[in-house]
Amino acid sequence: MRLLLIRHAPAGQRDPNHWPDDTRRPITDAGRRVHRKVSRRLRRRDLVPDLLLTSPWTRALETAEITADVTCRGDLTPTSCPALAESPDIERIAEAVGDEDRLVALVGHEPWLGELASLLLTGYADGVEIDFPKSGVLGLELPGVTPDSAVLRFLLRPRGAY
């Protein structure tokens, strides 16, 4: 199985006057442009997900929709996965991912994605610190969603400024 851990695209600054519920804060126009470029890079590398799970928060969902639109040309619909909007719970994430041998993209937030990557790589949520940029993509290969079982294949960082 291969996993793509994708941090949501750049969103506007927290502003309780505009977004009293921070889970509804959207990505910016610049964030959309950056993530489209990242998604095109994934497509060129034939990293087209078979399953796309996303945090239900607006900025993650919008990022997942761009990923699906560009990499899968609209042939895949992102599926909400509330476990991606909190500290990593391996059992819940494993259940959502399934055990099929496929490419699965998980779109979420920091620090939780970094903790999930660390857990999968080392067995500990704080086992390795990852500089995970917005719209960054971490590629892992693993036999299943279990701690200390993953191999890091790449970290794709977005090019250019947000």
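The values are calculated or read from the model by the stated rules, or taken from the named source; none is laboratory data. Given the structure is predicted, the values throughout are model-derived calculations rather than measurements. No Cβ is skipped: glycine too gets one built from the backbone with ideal geometry, and neighbour counts run over all protein chains shown.
Observations on the model:
- Pairs, first among the hydroxyl-bearing types (Ser, Thr, Tyr) in segment 12-26, second surrounded by 13 or more Cβ atoms within 10 Å (Cβ to Cβ), C-beta under 6 Å, six or more apart: Thr23/Trp57
- Pick from segment 127-158, criterion in contact (Cβ under 8 Å) with a residue 60 or more places away in the chain and among the β-branched types (Val, Ile, Thr), ranking: farthest from Ala83 (Cα to Cα): Val137
- Residue check for Ser118: modelled with pLDDT of 95 or more, buried (at least 21 other Cβ atoms within 10 Å of the Cβ) and hydroxyl-bearing (Ser, Thr, Tyr): yes
- Qualifying residue in segment 102-112 (condition: surrounded by fewer than 20 Cβ atoms within 10 Å (Cβ to Cβ), of a type in the set (Gly, Ala, Ser) and under 20 Å from Leu47 (Cα atoms)): no
- Output for segment 22-51, where each listed residue is assigned to a loop (DSSP other than H, G, I, E, B) and touching a strand residue (DSSP E or B) at 6+ places or on another chain (Cβ under 9 Å): Arg25, Pro26, Thr28, Arg45, Leu47, Val48, Pro49, Asp50
- Some residue of segment 62-72 being at pLDDT below 95 and over 21 Å from Leu155 (Cβ atoms): yes
- Search result, residues across segment 18-47 that are under 19 Å from Val104 (Cβ atoms) and touching a Lys or Arg at 6+ places or on another chain (Cβ under 9 Å): His35, Val38, Arg41, Arg43, Leu47
- Within segment 121-156, considering residues that are touching a Pro at 6+ places or on another chain (Cβ under 7 Å) and surrounded by 14 or more Cβ atoms within 10 Å (Cβ to Cβ), the one nearest to Thr67 (Cα to Cα): Ser135
- Listed by first and then second residue, the pairs linking a residue in segment 102-123 that is under 10 Å from Arg7 (Cα atoms) to a residue that is among the acidic types (Asp, Glu), with Cβ atoms under 8 Å apart and 6 or more places separating them unless they lie on different chains, are Trp112/Glu86; Gly114/Glu129.
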